[in-house]
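As structure tokens, the structure follows; a few thoughts come after it.
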Amino acid sequence: LERLESTRWSPRGDHYDKIIKDQGTVKSYLLEVLTPGYSELTIDRGVITVVRDEPRGPSFEHVYNPRVMLKPMKRGFVGGGLPDQFDGVDVKYFSHLTKQIEVVKCRLQLPDGSYEPGVKVKTETLEGVGDRTRAWRWGMRVRRAMLYRQTTYEFETELAGLNSSYMS
């Protein structure tokens, strides 16, 4: 937490800006509080820890090859441009400026210079963010994840899988 606070959240201005009045579980509020900082709660070797999707450095933590795999690797892919996929994200947030729920549209620019039409849009609610710019940044990150994270890899190892962490 200290590393993310000093190197990512504070320098970027990522902070949770909401007063919590309702009762809830610690886990549910931790998940909500970490969202504006693009972070997630996970468990790593029995310790509750926070991870952020960010560059991990010039090299991989661990490289997997066919010698350590028990079965052949399976790769899954969801192709872009299919009619059932989202082509935009709308982010609902509570604006501190207008004191009401606002919606910011997040669309990617197409090669011809126009923007995605937003025919099938996914609506996300972002708690703890009170300004349009931060809500737009978060929504664009969600939109890019939808578009560029379409490949999955599945394989089995004996113990080599313990060398990697969540999101590494």
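The values are calculated or read from the model by the stated rules, or taken from the named source; none is laboratory data. Note that the coordinates shown come from a computational prediction; the quantities given were computed from them, not determined experimentally. With ideal geometry, Cβ positions are generated from the backbone for all residues, glycine too; neighbour counts draw on all protein chains shown. Keep in mind that these areas ignore ligands, DNA and RNA; they rest on the heavy atoms of the full protein, side chains included. Shrake-Rupley method; radii C 1.70, N 1.55, O 1.52, S 1.80 Å.
Answer yes or no as to whether G113 is at pLDDT 90 or above and in contact with a Phe, Trp or Tyr (Cβ under 6 Å, 6 or more places away or on another chain). Spelling it out, it is not the case that G113 is at pLDDT 90 or above and in contact with a Phe, Trp or Tyr (Cβ under 6 Å, 6 or more places away or on another chain). Within the stretch 17-51, restricting attention to residues that are open to solvent by less than 50 Å² (accessible area, probe 1.4 Å) and touching a residue at least 60 places away in the same chain (Cβ under 8 Å), the residue that is nearest to R134 (Cα to Cα) is P36.
Look at (1) over 30 Å from H62 (Cα atoms); (2) out of contact with any helix residue (DSSP H, G or I) (no Cβ under 6 Å at 6 or more places or on another chain) and you find that L162 fails only one, number (1). All of L70, L97, L108 fail the test of being exposed (fewer than 10 other Cβ atoms within 10 Å of the Cβ), in contact with a helix residue (DSSP H, G or I) (Cβ under 9 Å, 6 or more places away or on another chain) and not β-branched (V, I, T), apart from L97. Residues in the stretch 42-63 that are among the polar types (S, T, N, Q) and assigned to a strand (DSSP E or B) were compared, and the one that is nearest to E156 (Cα to Cα) is T42.
Among residues of the stretch 136-168 being among the aliphatic types (A, V, I, L, M) and open to solvent by less than 100 Å² (accessible area, probe 1.4 Å), the one that is farthest from N65 (Cα to Cα) is M140. For the stretch 52-67, the set of residues classified as among the hydroxyl-bearing types (S, T, Y), touching a residue at least 40 places away in the same chain (Cβ under 8 Å) and open to solvent by 70 Å² or more (accessible area, probe 1.4 Å) is empty.
Checking R134, R143 one by one, the residue that is under 22 Å from T35 (Cα atoms), touching a residue at least 60 places away in the same chain (Cβ under 8 Å) and outside any loop (DSSP other than H, G, I, E, B) is R134 and no other. Among the residues of the stretch 32-41, the one identified as assigned to a strand (DSSP E or B) and over 10 Å from the mean Cα position of the chain (by Cα) is L41.
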